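The values are calculated or read from the model by the stated rules, or taken from the named source; none is laboratory data. Computed from a prediction, not measured in an experiment: that's the story for all the values here. Note that we place each Cβ from the backbone using ideal geometry, even for glycine, and neighbour counts take in every protein chain shown.
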Amino acid sequence: MMNHPLQTPGFALIAGLAAVASEVSADVKLPPVFADHMVLQQQVKLPVWGTAGPGEGVTVKIAGQSVLTTAGNDGRWKLELMPLSIGDPLEMTVQGNNTVTFKDVRVGEVWVCCGQSNMALTLNATKDSAREIAAANFPNLRLFNGTGGPWTLCSPQPAAPFSAVAYYFGKHLQEGLDPVPIGLINISFSGTATEAWMPRESPEAAVILGLRQESYRLNNAKYQADFERWKMDCEKAKAAGQPVPPEPRKMKRTAPAGIETPGQYWPRVVAMAPYGIRGVIWYQGEANCWSIPAAEYQRVLLPAMIAQWRQTWGQGDFPFLMVQLPNYNYHPPYDSNTWPAFREAQQHVLDTVPNTGLAITLDVGDMSNIHPVNKQPVGQRLALWALTHTYGKQGLVFTGPRYKSVSVEGDKVRLTFDHVGGGLTWRDGKVTTGFEIAGADGKYVQATPQIDGNTVVLHRPEVASPVAARYGWGDESLLTLMNKEGLPAWPLRSNP
């Protein structure tokens, strides 16, 4: 069986391999993701690629397959293995002028874990870390950190510095699919904006970069005006023998240097593609919440990024499961409505982009910490979504109550929900403060909620003729509406 070299985006960067044809060694080499203890995705054709001497024949053997290809003039080669099924540990050999052997290779389910700091946050920095790390013995769960690896069997030592969200996702996925091996590839990078994971030439990335530049220009102009006013106020204060007022705060750039410019697509995404995967989990968004327009543009930006990744991997519309941003007090000078607007944009992406998922975390944030440490529910909810929608598990309640419809009944508003599971309830018996209603003037005020079957009735005496309602839109820390399975209600606006 002969496969010819293929020119794909993945060949533009092979981590750790020679980039210049004249420097390519005659030895067969593969990217670091091919290593001992790796997990190969089951039931899909599996790309294998690397470098060798120009024109060198390369043979890959595994599970009775033997596939031959020839390196191109630039020394690059690629072939595809036919789909494999789970079973005993395998050995894979890659032979050219030399032979490379990978041992303890498992076939199972592979997920890429990506995003910014809340995905990167390590298990040893999160809630109940000592107990969780001590119990992290799952040899059928394999971990690959960064683009250099290595693959490790999950045990306390490699689990501690691994992504907490990814670990909990893998742990609960393993429990739901046992005995299928699970492989997790964590390529997250703290502080990155969505556009940092896209090609520089993407038109959508250019739009958001333009918004950033305009925001910086306006912020700088405001600071300059405030600074000139402050200098005059200082002169007046000194003349009157009074203390000088505090200097105005200089606005920072809308993102640290290096984040405004896309930079992670080539070294992290292309370096890993087209390694066989089942899907992606994604926890990112804080770096795109610096203005309402930026938050709302996620409706365009994230679908473009997802489409680019799916094209780069060349494995169809694989599952892309997102984490919705939790509750958090986004302090001035930033608009507190940015996070709610971003959450709403995430829901729009879910509803319009095929094979996406959304884990709701409105109940596990920290109002004073942009990096909440309670990560176990986040990973578990991602796993529930995957088990239900990707793996077809029946009988699972995979998400919390989601707003379905609204009706006005005199001076009251009634909200109806889907995904109520065993019924609506309040967490720990504490009635939420997160519901608001508004009259024709559009001014929202806090409303008193009452559960009535699968609906919530809202009332505020001062609003005699309500027309709209919303939930989880402000900075409330007490957001307790959930179903009896313990999954939180989605944020909502009846009149966007």
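Annotations for the structure displayed:
- When residues of the stretch 378-408 are limited to those that are free of Cβ contacts under 8 Å to residues at least 24 places away in the same chain and of a type outside the set (A, V, I, L, M, F, W, C), the one surrounded by the most Cβ atoms within 10 Å (Cβ to Cβ): THR388
- Filtered residues of the stretch 322-372 (kept if under 16 Å from the mean Cα position of the chain (by Cα), hydrophobic (A, V, I, L, M, F, W, C), assigned to a loop (DSSP other than H, G, I, E, B) and more than 25 Å from THR390 (Cβ to Cβ)): ILE370
- Residue, modelled with the highest pLDDT, within the stretch 25-52, restricted to residues that are over 19 Å from TRP309 (Cα atoms), of a type in the set (A, V, I, L, M, F, W, C) and surrounded by fewer than 21 Cβ atoms within 10 Å (Cβ to Cβ): ALA35
- GLN308 being closer than 15 Å to PRO354 by Cα, touching a residue at least 24 places away in the same chain (Cβ under 8 Å) and in a loop (DSSP other than H, G, I, E, B): no
- Test: residue in the stretch 170-193 that is surrounded by 23 or more Cβ atoms within 10 Å (Cβ to Cβ) and at pLDDT below 95: yes
- Residue match in the stretch 390-410 (condition: acidic (Asp, Glu) and not in a strand (DSSP E or B)): no
- Pairs where the first residue, in the stretch 86-98, is touching a residue at least 40 places away in the same chain (Cβ under 8 Å) and under 13 Å from LEU68 (Cβ atoms) and the second is crowded, with 17+ Cβ neighbours inside 10 Å and small (Gly, Ala, Ser), C-beta under 6 Å, 6+ apart: GLY96/ALA52
- Residue within the stretch 481-488 that is under 23 Å from ALA359 (Cα atoms), surrounded by 15 or more Cβ atoms within 10 Å (Cβ to Cβ), in contact with a Ser or Thr (Cβ under 9 Å, 6 or more places away or on another chain) and without any contact (Cβ under 8 Å) to a residue 40 or more places away in the chain present: no
- Residue match in the stretch 205-218 (condition: among the polar types (S, T, N, Q), surrounded by 15 or more Cβ atoms within 10 Å (Cβ to Cβ) and within 22 Å of LYS375 (Cα to Cα)): no
- Filter result (over 26 Å from GLY170 (Cβ atoms) and surrounded by fewer than 18 Cβ atoms within 10 Å (Cβ to Cβ)) within the stretch 312-341: ASN329, HIS331, PRO332, PRO333, TYR334, ASP335, SER336, ASN337
- Number of positions in the stretch 67-85 that are crowded, with 21+ Cβ neighbours inside 10 Å and touching a helix residue (DSSP H, G or I) at 6+ places or on another chain (Cβ under 6 Å): 2
- Per this entry, MET232 is counted among residues that are farther than 22 Å from GLN116 by Cβ and modelled with pLDDT of 85 or more.
- Condition met for GLY64 (without any contact (Cβ under 8 Å) to a residue 40 or more places away in the chain, surrounded by fewer than 20 Cβ atoms within 10 Å (Cβ to Cβ) and over 23 Å from ILE182 (Cα atoms)): no
- Scanning the stretch 461-473 for any residue that is surrounded by fewer than 21 Cβ atoms within 10 Å (Cβ to Cβ), among the aromatic types (Phe, Trp, Tyr) and either at pLDDT below 95 or under 21 Å from ALA341 (Cα atoms) (or both) turns up nothing.
- The stretch 409-433, residues that are on the phi > 0 side of the Ramachandran plot, surrounded by fewer than 17 Cβ atoms within 10 Å (Cβ to Cβ) and in contact (Cβ under 8 Å) with a residue 12 or more places away in the chain: GLY423, ASP428
- Counting only helices (runs of 4 or more DSSP H) that fall entirely inside the stretch 105-201 and contain at least 1 residues that are under 25 Å from GLN264 (Cα atoms) and of a type in the set (Gly, Ala, Ser), the qualifying elements are 117-120, 156-159, 164-177.
- Scanning the stretch 474-487 for residues that are at pLDDT 95 or above, outside any strand (DSSP E or B) and hydrophobic (A, V, I, L, M, F, W, C) turns up just one, LEU487.
- Residues of the stretch 107-150 satisfying the condition of being buried (at least 24 other Cβ atoms within 10 Å of the Cβ) and in contact with a His (Cβ under 8 Å, 6 or more places away or on another chain): ASN118, ARG142
- Total residues in the stretch 434-447, condition exposed (fewer than 12 other Cβ atoms within 10 Å of the Cβ) and free of Cβ contacts under 8 Å to residues at least 24 places away in the same chain: 2
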